[in-house]
Every structure is written in C-alpha cells, then in structure tokens.
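The values are calculated or read from the model by the stated rules, or taken from the named source; none is laboratory data. Model, not experiment: these values are computed from the prediction. In this analysis, Cβ positions are derived from the backbone assuming ideal geometry, glycine residues included, and neighbour counts consider all displayed protein chains. Just so you know, the surface numbers come from the protein's heavy atoms only, side chains and all, with ligands and any DNA or RNA stripped out. Shrake-Rupley method; radii C 1.70, N 1.55, O 1.52, S 1.80 Å.
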Amino acid sequence: MSLTIPQIRANTMRARHLYQRTRNQHFAVGAFNIDNQETLIAVARAAQKLRAPVLVEVSHGEVKALGLENIRDMVDNYKDEFGIEMYINLDHSPTVDDCKRAIDAGFEFIHIDISQENHDASLQEIIDKTKEVVNYAKFTGALVESEPHYFGGSSNLHTEKIDYEAIKHTFSTPDGAKFFVESTGIDTFAAAVGNLHGKYPVPKKIDLELLQVIRDAIDCQISLHGGSGTPLHYFEDAAKIGVSKININSDMRVVFRKTLEEVLRENPDEYAIVKLMPEVYQAVQAVVESKIEAFGSKGKAVI
Ligand SMILES: [Zn+2]
C-alpha cells in the first residue's frame, strides 16, 4: 500500500522534529542497515524496549534484495505493531534517479553519494547532482544527506590494519564542509573524521577535535558513517558535540552470521530455519540496544 502525499509529509515533518531534538537534547539517532526481515525485527524490538527513535537504512544492494515498496510497507507494519518511532533512510544511493524513486516511495531520509559509483567524480558534479536531489526532496520534505568525498572502507570484516596517516588525507575540513553545505542546501553533512566503513582488527579512532571544529563551521545536521568497530565512548562524545545520526551495519552483520552458524550447527536436523531465527534476531537486537545506549537515544522516542 502506497502512502499518500499528506502521510509522507507528516512522516518527514516528524523526522525533522527528531533531528531538532537530537541537537537540543544532545543525542544521536542510530541508523541501522537491514537486508532481511529478521534484522528489521531486531531493530524494531530494540526500539520498543528502549523507547528509542530509530532509522532503518537500505543501500542500493539492500533495496534490490528487498524491494523499495516492500521496505516501506514492512517498516510501516512493524511501526504500527510495535508502536515505535521509526524512519527509513536510503543509504549511499549512487544515482539521482534512485533517490527520486525513494522520495516518491516516502522515504524520510535520503543519502545521495555520487562518488560511490565514480570515485573520481568532480566536486562540481557531486554538487550539481546533490542539488538536484535537494530540490526534488522539497515536495515531500525528505531530508537529504551528502558529502563531497568518497568514504573509505566497505561494510565487511577487514583483516588489514588501519593506516591513519593515509586516511587523514580524506578527512573533512571545516572550510570544505561549509562550502559544500552552502553550495547544495543539504540537511545533513556526512563527516569523515576517522570513521570508516567496516570492522577492522584494531578499534577505530574518531578525531573529536576536528568534529567540533566542523560542528562550529556549519549549521546543518552531521552524520557519522562506519560506526561499527568504534569504541562506544566516541559516540557519547560525538552526540554531545552535535552529531545527529550514526550508521551501524557491520557489527550487526557479524553477529547475525555468527549466531546463525551457531544455531545451525546446534540443530542439524531442523529444516524449518524460521524456528531458529529468534535466537539470531535476539543477538542482533542486543547489538542495536548497546548502540542506542551509547548514542543517548534511549527514552527519546516521541510516539
Ligand atoms: Zn556509509
């Protein structure tokens, strides 16, 4: 069932109110990637238990796996069933057209990431295409997120160490952030301050000083990608500094797979896999809950 335009606008209005609250009350909302129904259940259960607002997010591949309209419907069904504050974010969309389709489907949050598909895209191209999405989103009120650079890493388990000296060259700068935000009119700036996609053998380090300088340089919201494998105390500080949204993917995927392997090993004669899934989503739910606690979003839902 498609949402009507007034319903979509009411949702995006609530989403904007949520972002306002993150700034006023100094907490960050978790954006949790889903690529199956069990992971969505895990996020919904955690949101209900902790009365926390949550975003579920889907990247290009996850949209392909689940279907744009299906995602909207599933989220709406669980939102009603659990009585929770939950939104959808289109994560790392490589094209303007995909963003427009998600805006039409009523996604409240849109992340346009032109450099995802073409790492060599010029700043001007990134600005122009981001602006196109910002203008299109005005009709429903969807919030647009972007950044002028390519993010390192990938949402997977990495075995290599992190070369911080090399990564520092890709960090956001206050002037670069200010120019990009003013040139595009985005709602959310995805900052690169030591956050990397994926999980690594050593914990990640967030440059909180740089984050503070960027916070002071721009008015719009700030998001942090690549939250997995980051010591939780960084999130508490990031939320205090004024980060509104933190993306989590790999930490959930790792637990999902490991728990699934375990329960399959322990139940070699069970072919109704659905019966084994509660253990899997409960394990993922525990990950989501630990992030919610660290982000300070527990008890912050407005339902
Ligand atoms: Zn990301």
Accessible area expressed per residue, the chain, with surrounding protein chains retained (probe 1.4 Å, Å²): 44 Å²
Placed amide H near H158: partners under 5 Å, 5+ positions off or other chain: K199, Y200
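Could you rank I41, I303, I110 by how accessible they are, 1.4 Å probe, largest area first?
In descending accessible area the options line up as I303, I41, I110.
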Listed residue pairs exceeding 25 Å between alpha carbons, taken from K100/K258; K275/K300; K49/K240; K129/K204; K129/K245: K100/K258; K275/K300; K129/K204
Heavy atoms of S122: accessible area, 1.4 Å probe, square angstrom to 10: 60 Å²
Surface accessible to a 1.4 Å probe, D120 within the full protein complex, Å²: 130 Å²
Of all accessible heavy-atom area on the stretch 97-250, the percent that carbon and sulfur account for (1.4 Å): 51 percent
DSSP-defined beta bridges in the chain - what % are antiparallel, rounded to 5: 0 percent
Placed amide H near L143: partners under 5 Å, 5+ positions off or other chain: F109, I110
Per residue, the convex hull volume that the Cα atoms of the stretch 11-142 enclose (Å³): 108 Å³
Volume per residue that the Cα convex hull of the stretch 177-303 spans, once the total is divided by residue count, Å³: 140 Å³
Estimated vicinal HN-Hα couplings, Hz - the stretch 59-65 in sequence order (Karplus 6.51, -1.76, 1.60; Gly, Pro = x): 8, 3, x, 6, 5, 4, 6
In nm, spacing of pseudo-spin labels at N36 and E209 (7 Å Cα→C-beta vector): 4.5 nm
Over the chain: Rg over Rh, Cα atoms, Kirkwood Rh: 0.95
Relative contact order computed over the chain (Cα-Cα under 8 Å; 6+ residues apart), in percent: 23 percent
In Hz, Karplus ³J(HN,Hα) per residue of the stretch 80-89 (6.51, -1.76, 1.60; θ = phi - 60°; x = Gly, Pro): 5, 5, 8, x, 10, 9, 9, 10, 10, 10
Most mobile of F27, F256, F107 in a GNM of the chain (Cα contacts under 10 Å): F256
H92 accessible area, 1.4 Å probe, all protein chains in place, Å² to nearest 10: 20 Å²
